[in-house]
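Quick note: the coordinates plus some simple rules give every number you see, no bench work behind them. Model, not experiment: these values are computed from the prediction. So basically every Cβ, Gly included, is an ideal-geometry build from the backbone, and we count neighbours across all protein chains shown.
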Amino acid sequence: MKTILSHRKATLHDLPRLIELLLEDELGQMRESSSNVLDEKYIKAFHKIDADLNQYLMVIENQVEIVGTCHLTIMPSLTFIGSTRMQIEAVRVAEKYRGQQIGTWMFEQAIQYALDHDASIIQLTTNKKRPKAKHFYEKLGFESSHEGMKLYLRKS
């Protein structure tokens, strides 16, 4: 099958497939809901993301099949003389498509999105249990310049 990639904003109809992508790794299986019935929390979160103009939940398609996703957030900031940042989260490529440069293509699109929104910094975090992901981001030019920290307030 020939690879013909495109990206678009996610729709509510895409949500079950996006959750499947989140579940395709060991860490996702521990924290996401694998129920056959879509948890209402996912639907509420989707609507919040969809309504916020600073959010872009990107869907990557190979022809008509969803093969990847990432969540981009544009964040105005006072630091760096009032710069704009873009946060990248929830990066996933379908397991059967990994190693085919889809992640690289997705990041090229994400970087262009950041440039189109006047971002001067792109930031992301990656779990320390994902050394391959860290290596991938470093190959793209990302630097481990900060130590990320999280404070979980409640279990989802």
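Figures for the structure shown
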{"item": "Check: the stretch 5-139 dipole with +1 on Lys, Arg Cβ and -1 on Asp, Glu Cβ, in debye", "result": "420 debye"}
{"item": "Candidate aspartates and glutamates - alpha carbon under 12 Å from K134, same-chain residues fewer than 8 apart omitted", "result": "E143"}
{"item": "Set K41/K132; K48/K155; K48/K132; K129/K150; K129/K155; K48/K139 screened for pairs whose C-alpha atoms are more than 26 Å apart", "result": "K41/K132; K48/K132; K48/K139"}
{"item": "Computed [θ] at 222 nm, deg cm²/dmol, the chain (DSSP H ≥ 4; -39,500 (n - 2.57); rounded to nearest 500)", "result": "-10000 deg cm²/dmol"}
{"item": "Neighbourhood net charge (9 Å Cβ-Cβ; Lys/Arg +1, Asp/Glu -1) for D25", "result": "-1"}
{"item": "Selected from F46, M75, M58, residue furthest toward positive end of dipole (the stretch 5-139; charges at beta carbon)", "result": "M75"}
{"item": "Fraction of beta bridges assigned by DSSP in the chain that are antiparallel (%, nearest 5)", "result": "80 percent"}
{"item": "The stretch 36-156: relative contact order in percent, alpha carbon pairs under 8 Å with at least 6 residues between", "result": "17 percent"}
{"item": "Quotient of Cα Rg and 2.2 N^0.38 Å for the chain, N being how many residues it contains", "result": "1.05"}
{"item": "Unit charges on C-beta of K, R, D, E only; dipole of the stretch 74-156, Debye", "result": "680 debye"}
